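Can you read through this structure? Questions will come right after.
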Amino acid sequence: MKKIIVAIDGYSSCGKSTIAKALARYAGYKYIDTGAMYRAVGLYCLNHGLMDKETINEDGVRQIIDSLAIGFSLQADGSQHTMLNGEDVENKIRTLEIGDAASRISTIGFVRQALVRQQQRMGDEKGIVMDGRDIGTVVFPKAELKLFLTARPEVRAQRRFLELQQKGQSADFEQVLKETNERDYRDTHRKESPLRQADDAILFDNSELTEEGQMKQIIEIFEKRIAQL
Ligand code: DC
């Protein structure tokens, strides 16, 4: 079967990674979570004094960005853990604090360029599902299938809130909603590769869909696209 590149973009917490992982499993493709890569950079910069809650030392970041080894390691249960310089940082990067650091560090042009180069290399052999904010517009503008996911902010904040609760992290719904709106604003208004739907992407709103319902529709879209090629 012909192997393609599937680019999945959209707002934070709208289920991109759930869909991307499930589609990759269905198709036997590699799955790459590019948000995790920006999160790993944010974690490194916070831990090494290159950024704090308000400021970023851009010159310092520029010096280390190409030396960071960011990758993914496949676990026995089929899940993937994010690796940073040989350390499994999967749990450390999934906090609101690191989400915020990632969102801020991802506004810097040279950070994006470094990560985009790595992401493009990962897609050399196709057979890949990649999710993020600029995959269909910048990383793989020629991807054979592009999806743009969205859901109402309240629905996304509720999902994020439950996720944090399940992980035992304390969270306040109003705070999560506020941060969701702030992140949306920053992701869509930044100068460098703002989040936007590619002209040839299929818009998919999953506010009212169950995980099962949406997967059924996504697989139909995927199969239809493969048949067209
Ligand atoms: O998808 P996520 O919440 O894990 O992403 C964390 C942040 O990284 C998000 O606020 C925006 C940024 N990001 C990006 O700018 N480009 C990508 N391709 C993926 C994520």
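Coordinate-derived values only; no laboratory data. For clarity, every value in this text was computed on a predicted model and none was experimentally measured. Ideal geometry is used to build each Cβ from the backbone, glycine not excepted, and the neighbour counts take in all protein chains shown.
Please tell me the relative contact order of region 1-97 in percent, rounded to the nearest whole number, where contacts are Cα pairs under 8 Å and at least six residues apart.
Dividing the mean separation by the residue count of region 1-97 yields 18 percent.
Then there is this: Extending each Cα 7 Å along its Cβ direction at ILE226 and PHE110, get the distance between those two points in nm, one decimal.
Calculated label separation equals 4.3 nm.
Where in region 1-16 does the label zone of MET215 land, with the point 7 angstrom along Cα→C-beta and an amide N cut-off under 20 Å?
Output list for this probe position: 6-9, 13-16.
By average Cβ neighbour count within 10 Å, what is the ranking of 202-214, 3-15, 79-91, 149-161 from highest down?
3-15, 149-161, 79-91, 202-214
Do you know the relative contact order of region 148-215, to the nearest whole percent, from alpha carbon pairs under 8 angstrom that are 6+ apart?
So the answer I get is 46 percent.
By DSSP, what percent of the beta bridges with both residues in the chain are antiparallel, rounded to the nearest 5?
Details: 8 of 26 bridges.
Bridges in the chain are about 30 percent antiparallel.
Just to check I understand the Karplus step: with θ = phi - 60° and J = 6.51 cos²θ - 1.76 cosθ + 1.60, what whole-Hz values come out for region 16-22, glycine and proline as x?
Result, rounded to whole Hz: 4, 5, 4, 5, 4, 5, 5.
How high is the FRET efficiency between ASP59 and TYR185 when r is their beta carbon distance and R₀ equals 22 Å, given to the nearest 0.05?
Working: r = 27 Å, r/R0 = 1.22.
Working from the Cβ atoms, E equals 0.25.
State whether region 68-201 is rounded, prolate or oblate according to the following rule on the C-alpha gyration tensor (a ≥ b ≥ c being the square roots of its eigenvalues): a/c under 1.5 gives rounded; otherwise a/b larger than b/c gives prolate, and the remaining case gives oblate.
Oblate, since a/c reaches 1.5 and b/c is not below a/b.
Separate question: Using just the Cα positions, wrap region 3-109 in a convex hull and report its mean projected area in square nanometres, one decimal place.
If I average the Cα hull's projected area over directions, I get 7.5 nm².
Based on the Kirkwood radius over alpha-carbon pairs, what is the Stokes-Einstein translational diffusion coefficient of region 102-149 at 37 °C with 0.692 mPa s viscosity, in µm²/s?
Translational diffusion coefficient: 286 µm²/s.
Sticking with this one: Give, to the nearest whole percent, the P(r) tail of region 134-223 beyond 23 angstrom, counting all Cα pairs.
Beyond 23 Å sits 38 percent of the P(r) for region 134-223.
How high is the relative contact order of the chain, in percent, counting Cα pairs under 8 Å that sit 6 or more residues apart?
Relative contact order comes out at 33 percent.
Okay, moving on. Please list, short to long, the whole-number percent of alpha-carbon pairs of the chain in consecutive 5 angstrom bins beginning at zero.
Result, from short to long distances: 1, 6, 14, 19, 21, 18, 13, 6, 2, 1, 0 percent.
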